Amino acid sequence: MAKIVLKVGSNLLVKKGGEIDKTYVTELVREIVHLKSLGHEVVLVSSGAKAAGFGYLNGRNVGPDLYMKQALCAAGQVQLMKLYETVFELFGNKVAQILVNRDDFGNRKRFLNLRNTLIGLLEMDLVPIVNENDTTSTEEIMFGDNDILAAMFAIGWKADYLVLMSTVDGIYNEEGNIIPVFDSTEKLKSMTGSSWGTGGISTKIRASRGASASGIRCCICNGRRLSNITSFIRGESVGTLFPQREFSPGARKTWIGFLSTPRGTLVVNKGAVTAIKRGKSLLAVGVEEVNGVFSQGDVISISTVEDGEIARGICNFSSHETDLIKGVRSDKLSSILGYECAKVVVHIDNTYRK
């Protein structure tokens, strides 16, 4: 049995006129039900709320203001779920809706609650359908982050497979040929999307690299050929493959590295960089600059001026305390702060190295 996350975007779900393609939805559901019949667990990450709202309101003119777009998505999300519910019922399956935003992943307690809800839905044999909560989050409307959302969900669920379905066959190189296995050094062909999709191939690549780095086998493939999904799960060559990292960093470090939201940044010196690369904790003496306001126990970004972020970790001090002890040897920390404290700023066990 495999745990599979499928992501389908608006460009696949929506016809040229702006209405949801019910035939495509039916065939998508048929494929998901087939995967379930083989014993797999499937989560569907689906865009399309905005387009569904447009169709529901008969193309009514909606202003460019963000609140109007959010209202359109709020109306459309109901219609989208009604369609999924109806079609899944035809195949004898029931669905459940999960609306999330980045904060649901960035806060570890909320993230664990989300994961427990997902476990409960699957135990009840429901098909979870996930989307960005557009009424409270602006990321997807502005940036098209459902690819990133799908990757974050797959990482949080510890999925085996992530399939990002596109309107093209995969990633193309400069010569116009499909790249069967992704190579970050290869130059890519520039590609543009349609008016309904707000993401792009670069977003899909970023999402796929994050998922594969956490141990998930991922591909970008043509979603118009839905048989690609089963072919990929069987191990056949489909689209562009992102091979998974051989060794997963573990649940806690995966959350720190891929799902958490850093509350601040510590700029460190070269000595600290060398120590972290060798598997050592971050000491106060290696901290040069403290940016942002954070509390003890918050996740922070560990960066350098030259290379940007090199790691993330859970900080043992607040931003104010860290600022007081930056550049100070570990045996002097207690005398500066006035109480017995940790000897390291970020312990290596609470660090994810890039």
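Read-outs throughout are calculated quantities, based only on the coordinates presented, and are distinct from any laboratory measurement. Here the structure is a predicted model, which means the values were calculated and not measured. Backbone-built Cβ (ideal geometry, glycine too); neighbour counts: all protein chains shown.
Quick notes on this one:
- Placing R0 at 35 angstrom, the Cβ-Cβ distance between ARG234 and MET124 gives a FRET efficiency of 0.80 after rounding to 0.05.
- Estimated FRET transfer efficiency (ALA74, ILE178; beta-carbon r; R0 45 Å; 0.05): 0.75
- Dipole in debye (nearest 20) - the chain, about Cα centre, beta carbon charges: Lys, Arg +1; Asp, Glu -1: 440 debye
- Helix 66-90 and the long axis of the chain differ in direction by around 60°, with both axes built from C-alpha atoms.
- Note on LYS3: aspartates and glutamates with a C-alpha under 12 Å away, same-chain residues under 8 apart excluded, are GLU41, ASP160.
- For the listed peptides 305-314, 79-88, a ranking on the average number of other beta carbons within 10 Å per residue, highest first, reads 79-88, 305-314.
- A simple charge model with +1 on the Cβ of Lys and Arg, -1 on the Cβ of Asp and Glu and nothing else charged puts the dipole of segment 262-353 at about 320 debye relative to its Cα centre.
- In straight-distance terms, cross-link reach from LYS109 covers every one of the lysines whose alpha-carbon lies under 22 Å from its own, apart from those fewer than eight places away in the same chain; here that gives LYS158, LYS253.
- Cα gyration tensor category, rounded, prolate or oblate, for segment 1-122 with a/c compared to 1.5: oblate
- Scaling the Cα radius of gyration of segment 3-252 by the globular reference 2.2 N^0.38 Å produces a ratio of 0.96.
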